[in-house]
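What follows is a short report on a single structure.
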Amino acid sequence: MPDDPVLPLYEQLAHAHHSLDVELQHLNELPYLPHALHLKEVALKKQKLLLKDRMAALQSAAEGVSTHR
């Protein structure tokens, strides 16, 4: 699997997912979220879920390819 071209993309997605997680943690540490920050929190959660879905799709595709070899 070292020559797997999907791995760099997966790592980029994982890094972006982690960055969003850190940003969400900072928002969760605030005692009160104004409306604008609440909207940002919702948008970040949606982005994070989309990244997770893309990562899962890549993983499934990679597993499907490796089982057919």
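The values are calculated or read from the model by the stated rules, or taken from the named source; none is laboratory data. Since the structure is predicted, the reported quantities are computational estimates derived from the model, not experimental observations. Every residue, glycine as well, gets a Cβ built from its backbone with ideal geometry; the counts of neighbours run over all protein chains shown. The protein model used for the area step is the full one, side chains on, heavy atoms only, and it has no ligands, DNA or RNA in it. Shrake-Rupley method; radii C 1.70, N 1.55, O 1.52, S 1.80 Å.
List of remarks:
- Full extension of the chain between GLU63 and GLN25 gives 10.5 nm of extra length, using 0.36 nm per residue less the Cα-Cα distance.
- Accessible area per residue, Å², the chain with all protein chains present, probe 1.4 Å: 79
- Two-site FRET efficiency, GLN12 against TYR32, from Cβ-Cβ distance with R₀ of 25 Å, rounded to 0.05: 0.15
- Heavy-atom accessible area, probed at 1.4 angstrom with all protein chains present, ranks ASP53, ASP21 as ASP53, ASP21, highest first.
- Each residue of segment 13-18 was assigned a 3J(HN,Hα) from its phi angle through the Karplus curve 6.51 cos²θ - 1.76 cosθ + 1.60 (θ = phi - 60°); the sequence is 5, 5, 5, 5, 4, 5 Hz, with glycine and proline shown as x.
- Loop GluC sites (Glu not before Pro), segment 1-52, which have at most 16 other Cβ atoms in a 10 Å radius of their Cβ (DSSP): GLU29
- Measuring nothing but protein heavy atoms, the accessible surface of the chain at 1.4 Å probe radius is 62 percent carbon and sulfur.
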